[in-house]
1. So between residue 302 and residue 214, what do we pick up on full extension, going 0.36 nm a residue minus the alpha carbon distance?
2. Quote the FRET efficiency, to the nearest 0.05, computed for residue 294 versus residue 222 with a Förster distance R0 of 45 Å and r equal to the Cβ-Cβ distance.
3. Extending each Cα 7 Å along its Cβ direction at residue 203 and residue 282, get the distance between those two points in nm, one decimal.
4. Over the Cα atoms of the range 191-350, compute the convex hull volume and normalise it per residue, giving Å³.
5. Along Cα→Cβ, 7 Å out, is where each label goes; now give me the distance between the ones at residue 149 and residue 39 in nm to one decimal.
6. Based on alpha-carbon centroids, what's the gap between the range 190-227 and the range 277-321 in Å, whole number please?
7. Evaluate the distance, in nm, between pseudo-label points positioned 7 Å from the Cα of residue 164 and of residue 85 along their respective Cα→Cβ axes.
8. Order 88-95, 218-225, 168-175 from most to least packed using the mean count of other Cβ atoms within 10 Å.
C-alpha cells in the first residue's frame, strides 16, 4: 500500500478503523525497509546485481522464506541468500548481519518479561502476542527461567560494602505451605532503603536466618557503630542477629506485637489497645516509653493473662529505639517492619498468579528476586530521614555488656526509670 492508497482508504473508513489501517501501512513499510537494507548488504558483499566480478568471494544464491520481528509480531519476508566461495571451491552460506538484526528478540523478550511480571501466565503470553513465533508456553518458560536466574545473581552481586548502614530489617513471607522466605532490607545513614538479600526455607528457623545474615556479612555489610535491627518477633531472627552482631539493638515491631495481643482480646477492647499502642509509638525518650508500656501492662492485667504474657515476652525490645533518646520523627519508620511489609505487599501482588512453587527448583528464588527488585523501584527515603544523624550518634555510644544485650526482662520486672533524660534536639 503506497501513500496515495493509504490516504484514499483513510477517507473511506471511520475513526475507529483508521488506526488499524495505518498500523497495517506501517508494517508494510517496515517490511519493505528490511528488504531494502538486506539488499544493500548483499550488494556490498557480492557486487551489483547482474554484474558480478570474478575477484569477489561472495556470490548471490537466490532467496528463501524468512521472518523478522516488528513490535513483537513475526513478519514473513523473502530473504536474499549469499554464499562464500572457499579456497577449495566449496561454498558456505553467509548469515546476513541485517537479517540477524531484524530477528533480534530482545525487544520481544523484554515485553514478555513485563507481561509475566504484570501477572500474565506463560499460557496467556501467546494471546498477548499471537503473531510472534517466540511466545509458545515452552519458550516463555525458558525465557522467564533465564531472566529470573539472572535477577538472583544480580541481587546477590550488588555492592553493599560501600554504604553507611544504620538499620537492618528482617521479616518473613510464606510463599506456600512448605516454603517461607526471609528478606532483609537495609537503611543507610541518609535514609535510603535497599533490598539486601533473601533466603528460602521451610520456616523462619534459626539456620535459615543465620545463613542469610552470614551471606550479607560476607558481601561487606557492616556498620560504624552498633546495629539497629528490626524484627517481627521471631526468636530465631533475634538469635541469629545477636550471633552476627553481638552488640546489636533489637527493636521489636510494634505492629506485629499489637496484632498478636489483639488476637487474644475481646473486640470491645481493641479500641483502647490501639490507643495505648499509638501513645507508645508517639512518646519520645526512654522514661516516657516506660510509662506508656506500664500503662499498657496495667490495662492487660485486667483483661487477659495470655495477652499480658505476650507483652512480657517482648520486654524492653518494644522500646529499644525510645531508649536511644532519638527524635520521635523516626518512630514512624523504625518502630515497625512496615517498610518490608509494604514490599511484601507488592511481592504478593506479583506472585499472586503462582499457584505452586516447586521446592526442588529455583523457581521461588527467581520469582522473589524479580518481585523484590520491582518493589524496590518504588522505594523512597524513610520519614524523618533528616534526623538519622541523631540515631547515628546514639548507635556510636559504647555498647552494653553482652549479657544485657541478650536478655529481655518482662515488663513487670523493669527497674524504675531514671530522672528526666537529656533532651535531644529535634
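1. Going from the current span to full extension adds 27.3 nm.
2. Once rounded, the FRET efficiency stands at 0.75.
3. 3.9 nm
4. 137 Å³
5. 4.3 nm
6. Measuring centre to centre over Cα atoms gives 28 Å.
7. 7.2 nm
8. For the peptides 88-95, 218-225, 168-175, the packing ranking is 168-175, 218-225, 88-95.
Computed from the coordinates by the stated procedures, all read-outs in this text should not be read as laboratory data. Small disclaimer: the values here were computed from a predicted structure and weren't measured. We place every Cβ from the backbone using ideal geometry, glycine too, and count neighbours over all the protein chains shown.
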